[in-house]
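The values are calculated or read from the model by the stated rules, or taken from the named source; none is laboratory data. Everything quoted here is computed from the prediction, not taken from an experiment. Backbone-built Cβ (ideal geometry, glycine too); neighbour counts: all protein chains shown. These accessible areas exclude ligands, DNA and RNA; they are computed on the full protein's heavy atoms, side chains included. Shrake-Rupley method; radii C 1.70, N 1.55, O 1.52, S 1.80 Å.
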Amino acid sequence: MNKNGAKTIPSPILLPKCRTGIQGLDEITGGGLPQGRPTLVCGGAGCGKTLLATEFLVRGAVMFDEPGVLMAFEETEKELKANVASLGFNLDGLVRRKKIVVDYVHIERSEVQETGEYDLEGLFVRLGHAIDSIGAKRVVLDTLEVLFASLPNEAVLRAELRRLFRWLKDKGVTAVITAERGREQLTRHGLEEYVSDCVILLDHRVNDQIATRHLRVVKYRGALHGTNEFPFLIGEEGLSVLPITSLALNHKVSNERIATGIPRLDAMLGGRGFFRGSSILLTGTAGTGKTIISSNFAHAAGQRGERVLFFSFEESPNQIIRNMHSIGLRLEPMVKRGLLRFHSARPSLYGLEMHLATMFKEIAAFKPHVVIVDPLTSLMELGTISEGKGMVTRLIDYLKAEQVTTLFTSLTQGGHALQQSESGMSSLMDAWLLLQDFEGNGERNRVLYVLKARGMAHSNQIREFLISNHGIDVVDAYIGASGVLTGSARVAQGDLEKAAVLASQQEAAQLKREVERKRKALERQISDLRADYESEASELRRIAEQVGTRTLLLGTERAASGRLRQADAKVGTSTRGKSRNGRKN
């Protein structure tokens with residue numbers, strides 16, 4: 001109990017595990033095989049039992065410094081070394097360095113007779129000596145059927161099996177034991193799976209003439225494990241198991257945006273392109289330019305110094321590179337610099353799961369920033385709708401977990417409803433671009449629009465998609481009362497609009513000239529009136545000056561006349577005075 005009085009739940013004791021080093025198998029088993037316990041690997045002929053067991057030993061010696069013993073009952077030491085050399089395993093070198101002991105035990109059924117009590121003491125002595133000679137931690141027995149082929153008594157067989165498995169546990173070694181699959185049970189005897197702590201079933205099936213290998217953990221005592229079937233590959237580097245159905249929706253997201261290589265398309269996506277790590281679906285009928293857009297997307301990533309992995313299921317790499325020359329796009333420099341890798345294969349080469357396994361292997365090896373799948377529909381046709389959707393889900397989840405941006409192209413059938421043709425995978429995508437053909441006026445033109453783009457503002461307008469020897473461009477389509485016009489109809493409509501604008505400009509220019517003429521005429525009239533006004537004003541001033549002068553002269557004359565009259569008056573007055581004086585006298 002803790003300080004608050006609540007009961008504490010003890011941490012679970014985890015079962016010790018031995019890592020196999022096989023890609024994907026440790027993830028499926030939650031860390032590896034049960035350490036110090038026997039594991040049964042069963043399956044039919046050619047499913048890879050011996051190779052899995054041998055790789056378990058080799059990986060242990062090379063990666064984890066755990067020596068091992070391989071006791072074979074069917075193949076000789078020379079045959080085993082030659083067989084695993086094709087996987088890149090130097091078994092002969094490991095034997096010389098005393099990391100692995102290979103012991104071939106020849107058992108001929110005709111030479112073995114059951115007399116009295118049958119025991120495995122001779123085998124235990126031989127195997128114990130091999131273990132002790134190099135301090136082995138791992139043991140492989142290949143296969144049980146040969147060892148117990150001379151035991152028809154089921155009770156004795158069960159007892160000896162239990163004894164063998166108990167002896168291996170007492171030695172403290174992690175053992176892998178191979179067994180052939182029975183008709184109606186996991187093994188031929190139907191006993192080995194019950195005494196084993198872990199049982200792995202390998203299957204090599206053929207559907208529609210396509211072979212696929214699968215692995216399933218049937219039993220694992222004391223530990224949780226993946227119970228689904230997982231496809232696996234046998235390649236140049238050994239086995240590769242894909243634990244793809246165990247992925248969860250817990251991947252990280254990025255706010256970084258990456259360009260598409262088409263500026264106008266970036267403008268339709270808010271001017272910055274797609275989110276990094278997003279899944280993009282590009283759908284369209286044949287000839288709409290899906291591969292061209294994909295190649296531009298790859299080229300833009302290469303210009304940013306990012307690695308691009310291009311999966312092509314219809315065209316070879318050389319064909320794609322050559323075709324892109326027609327639009328002025330050069331992909332060879334990216335290939336030479338190691339920024340672009342093509343993986344081309346016919347869809348019929350493998351089954352759906354095997355294609356997916358191959359893609360996972362290529363992605364893990366190349367570690368790309370961008371992945372292109374062209375076209376995805378070629379793969380989905382290999383299985384049912386549910387199988388195809390499951391494959392796409394696994395691939396998207398894996399790539400999102402690695403923050404890889406993925407562009408899928410999808411070939412649609414003309415005349416089919418959009419929802420019917422793409423409902424199997426469109427909901428899984430973060431962005432969806434649609435390319436369509438518009439036919440009219442004796443020609444076919446391409447248009448592009450964004451159906452959805454999660455988390456970003458995007459255009460809802462239809463754009464015409466042009467392809468030329470200078471590259472590709474996205475231009476505005478004419479949308480009017482008669483609908484969407486593209487190609488020559490759009491050009492003709494543009495010419496009509498230009499002609500209408502030109503006529504309006506000409507009419508405006510004519511009106512401007514008329515107004516200018518009237519303005520000049522008015523200015524001339526005003527100038528004439530002003531001249532008349534100035535002339536009359538000048539005449540008026542002249543007359544006024546004359547009037548003033550005359551008035552001044554008249555006044556002067558009057559003044560002079562007045563002075564003359566005053567003189568006359570004075571003379572008159574003086575004369576009258578003298579006359580009065582004379583009379584007085």
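When we measure straight from the Cα of residue 512, which aspartates and glutamates land under 18 angstrom away, once same-chain ones fewer than 8 places off are left out?
Partners found: 523.
Ignoring ligands, DNA and RNA, what percent of the accessible area of region 17-246 is carbon or sulfur (1.4 Å)?
Working: 4600 of 10370 Å².
Percent of accessible area from carbon and sulfur atoms in region 17-246: 44.
Using the heavy atoms of the protein chains alone and a 1.4 angstrom probe, what is the accessible area of region 22-110 per residue in square angstrom?
Details: 3630 Å² over 89 residues.
On a per-residue basis, region 22-110 sits at 41 Å².
Taking H placed 1.01 Å from N in the peptide plane, check which residues at least 5 places from residue 176 or on another chain put their amide H under 5 Å from its amide H.
39, 139, 140, 141
For the residue pair residue 15 and residue 254, what label-to-label distance in nm results when each label sits 7 Å from Cα along the Cα-to-beta-carbon direction?
Label-label distance for residue 15 and residue 254, simple model: 3.9 nm.
Could you work out how much longer the chain between residue 326 and residue 439 gets when fully extended? Use 0.36 nm per residue separation minus the Cα distance between them, nm to one decimal.
Numbers: separation 113, 0.36 × 113 = 40.68 nm, distance 2.35 nm.
Stretched fully, the residue 326-residue 439 segment lengthens by 38.3 nm.
If I stretch the segment between residue 557 and residue 535 completely, what's the gain in nm (0.36 nm per residue apart, minus their alpha carbon distance), one decimal? Don't skip to the end; give the middle numbers.
Details: separation 22, 0.36 × 22 = 7.92 nm, distance 3.24 nm.
Here the segment from residue 557 to residue 535 would lengthen by 4.7 nm.
Where a Cα-Cα gap under 29 Å defines reach, which lysines qualify for residue 400, not counting those fewer than 8 residues away within the same chain?
Hits, sequence-local ones excluded: 252, 290, 336, 361, 367, 389, 452.
What value in Å³ per residue do you get for the convex hull of the alpha-carbon atoms in region 17-246? Write down the numbers at each step before the final one.
Values: hull volume 29.6 nm³, N = 230.
Measuring per residue, one finds 129 Å³ for the Cα hull of region 17-246.
Which lysines have a Cα less than 26 Å from the Cα of residue 137, not counting those fewer than 8 places away in the same chain?
17, 49, 78, 81, 98, 99, 169, 171, 219
Local charge sum around residue 534 (other residues, Cβ-Cβ under 15 Å, Lys/Arg +1, Asp/Glu -1)?
-1
Compute the FRET efficiency between residue 364 and residue 393 as 1/(1 + (r/R0)^6), taking r as their Cβ-Cβ distance and R0 = 25 Å, and round to the nearest 0.05. Can you show the working numbers first?
Working: r = 19 Å, r/R0 = 0.74.
Step by step, r from the Cβ atoms, then E = 0.85.
For residue 307, what residues show an amide H to amide H distance below 5 Å, using hydrogens built from the backbone and excluding near sequence neighbours?
Placed amide hydrogens put 369, 370 under 5 Å from residue 307.
What percent does the relative contact order of region 17-246 come to when contacts are Cα pairs within less than 8 Å and at least six residues apart? Don't skip to the answer; put the middle values down first.
Working: 440 pairs, mean separation 70.5, N = 230.
RCO, region 17-246: 31 percent.
Express the accessible area of region 311-417 per residue in Å², computed with a 1.4 Å probe while the remaining protein chains stay in the model. Provide the component values of the computation, followed by the final result.
Values: 4580 Å² over 107 residues.
On a per-residue basis, region 311-417 sits at 43 Å².
Under 9 Å from the Cβ of residue 20, count the other residues' Cβ atoms, weight Lys and Arg +1, Asp and Glu -1, and hand me the total. Don't skip to the answer; put the middle values down first.
Numbers: positive: 19, 59; negative: 26, 55.
With Lys, Arg at +1 and Asp, Glu at -1, the neighbours total 0.
What length, rounded to one decimal in nm, is gained on full extension from residue 85 through to residue 514, with 0.36 nm per residue of separation minus their alpha-carbon distance? Can you show the working numbers first?
On the way: separation 429, 0.36 × 429 = 154.44 nm, distance 9.68 nm.
Length difference between fully extended and current span is 144.8 nm.
Normalized C-alpha radius of gyration of region 257-476, against 2.2 N^0.38 Å?
Values: Rg = 16.3 Å, N = 220, 2.2 N^0.38 = 17.1 Å.
Cα Rg divided by the expected 2.2 N^0.38 Å: 0.96.
Amide H neighbours of residue 284 under 5 Å, counting only residues 5+ apart in sequence or on other chains, H built in-plane at 1.01 Å?
Residues meeting the criterion, in which the H sits 1.01 Å from N, are 410, 412, 435.
Quantify, in whole percent, the carbon and sulfur part of the accessible surface of region 257-476 (1.4 Å probe; protein heavy atoms only). Working shown, then result.
On the way: 4420 of 9070 Å².
Exposed carbon and sulfur together represent 49 percent of the surface.
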